[in-house]
Amino acid sequence: MNSRVPLVGVWRLTIPRPRSLLVRPPMGRSVGAWMELQVGTEPEPRSAESDCTQTSDLRRLECALAKVRAREAELEAELAAQARSRVELIQLVSHELRTPITVISGFGRLLKSEAQGALAELQHHYVDECLKACSRLDLLVSDLLDACPETGSPLRVAIAEADLHGILTAQTESLAPLAGDRGIEIERAFGAETSRLFFDARRIEQVVSNLLTNAIRHAREGGTICLSTASAARAEGAVVEVSIEDDGPGISAVDRDRVFAPYVRGEGQEARAGLGLGLAICSRIIRAHGGTIHVEESKLGGACFVFALPSEVRPEEEG
């Protein structure tokens with residue numbers, strides 16, 4: 001087949017990309033035959049206006065990035081200033097609390113000595129509970145600075161075999177007057193197969209006291225708090241779970257993770273007393289034992305805090 005095709009006209013085509021076209025041959029060629037014509041694309045010329053537009057867009061992006069970086073530097077400076085202020089506040093609180101603690105415990109020991117008169121058996125019990133509370137508060141003040149994340153101090157635990165149910169019972173009795181002031185009943189349901197575990201008794205007392213105090217504070221007037229234990233099998237091993245639940249307003253789903261961060265309080269709690277350190281300290285203590293802690297919705301309608309301690313393997317001390 002003759003590949004030469006007589007031209008009867010010239011057409012200029014602008015095609016986005018190289019491609020092949022099929023063209024019909026002129027008269028006299030075989031009917032139905034087609035010829036392939038390779039057509040190339042011609043680059044579109046760039047205008048000065050297009051170059052200016054691209055340069056302008058690039059400058060706008062650079063300006064926006066510079067503003068973001070400047071704002072980031074401002075926020076980092078603000079966070080550093082807040083961290084310094086928090087450390088100073090905790091140091092001040094720790095110092096100022098020691099004087100009244102010393103005075104209260106001093107008078108408590110004086111009463112216990114019966115130097116000014118004999119005490120009845122129940123009065124001895126009240127004084128003992130008062131002295132225990134002073135001791136816990138004194139230890140908590142000592143731990144505040146260590147628990148402050150800005151200091152970077154490790155949280156140390158002294159592991160020894162102890163009775164978990166005994167600690168839970170003691171803390172319930174210690175906080176019974178506080179619950180009674182609001183007409184709240186604390187129910188206990190110990191279902192764990194064993195309560196003899198390896199943990200730091202003083203630290204776990206601190207966790208239970210904090211969680212029970214929060215439950216009493218947030219439960220409804222004349223309501224109920226349930227303190228329970230249960231044995232559970234997890235992928236990392238057997239644990240004993242301790243649950244403390246109330247019938248208060250609960251904690252929203254969006255706040256359930258962040259409430260364990262330092263200086264964070266749940267939605268609607270801004271007006272409540274406290275620095276937002278209690279749950280953060282609880283979280284550090286439980287993690288130092290190789291355990292877990294979380295909050296979920298309670299079957300009573302409020303919040304249910306659950307922490308788990310290993311029941312098989314003695315955890316290593318943190319730090």
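Please treat every number below as a calculation from the coordinates, not as lab data. What you see is a predicted model; the values in this text were computed from it and never measured. Heads up, the Cβs are rebuilt from the backbone with ideal geometry, glycines too, and the neighbour counts pull from every protein chain shown.
Among 66-78, 173-185, 296-308, how do they line up by average Cβ neighbours within 10 Å per residue, starting with the highest? Could the numbers behind the result be given before it?
Details: 66-78: 10.0, 173-185: 14.5, 296-308: 19.5.
By packing density, highest mean first, the sequence is 296-308, 173-185, 66-78.
Fully extending the segment from GLU221 to VAL103, taken as 0.36 nm per residue of separation minus the present Cα-Cα distance, adds 39.2 nm.
How much net charge surrounds ARG220 when only other residues with a Cβ under 10 Å from its Cβ are counted (Lys, Arg +1; Asp, Glu -1)?
Working: positive: ARG182; negative: GLU221, ASP246, ASP247.
Taking every other residue near ARG220 into account, the sum is -2.
Principal axis extents of the C-alpha atoms in the range 54-151 (largest first, rounded to whole Å): 92, 20, 14.
What FRET efficiency, computed as 1/(1 + (r/R0)^6) with R0 = 30 Å and r the Cβ-Cβ distance, is obtained for HIS125 and VAL264, rounded to the nearest 0.05? Calculated value: 0.20. Modelled spin labels at LEU58 and SER231, positioned 7 Å past Cα toward Cβ, are 7.1 nm from each other. Computed from backbone phi, the HN-Hα couplings of the range 184-190 come to 9, 9, 9, 9, 10, 9, 8 Hz, rounded to whole numbers (Karplus: 6.51 cos²θ - 1.76 cosθ + 1.60, θ = phi - 60°; Gly and Pro given as x).
Ordering CYS282, CYS134 by the number of other Cβ atoms within 10 Å of each residue's own Cβ, fewest first, gives CYS134, CYS282. Proximity of backbone amide H atoms, modeled 1.01 Å from N, is registered between GLY248 and ARG220, GLY302, ALA303 at under 5 Å, excluding neighbours fewer than 5 places apart on the same chain. Amide H to amide H, with H built 1.01 Å from N, LEU119 comes under 5 Å of no residue 5 or more places away or on another chain.
Cut-off 19 Å, label point 7 angstrom out along Cα-to-Cβ of LEU139: give me the residues of the range 275-296 whose amide nitrogen falls inside. Only 278-291 pass the distance filter. Ranked for footprinting exposure by Cβ neighbours inside 10 Å, fewest first, HIS95, HIS165 give HIS95, HIS165. For LYS132, the lysines whose Cα falls under 17 Å of its own Cα, not counting residues fewer than eight places away in the same chain, are LYS112.
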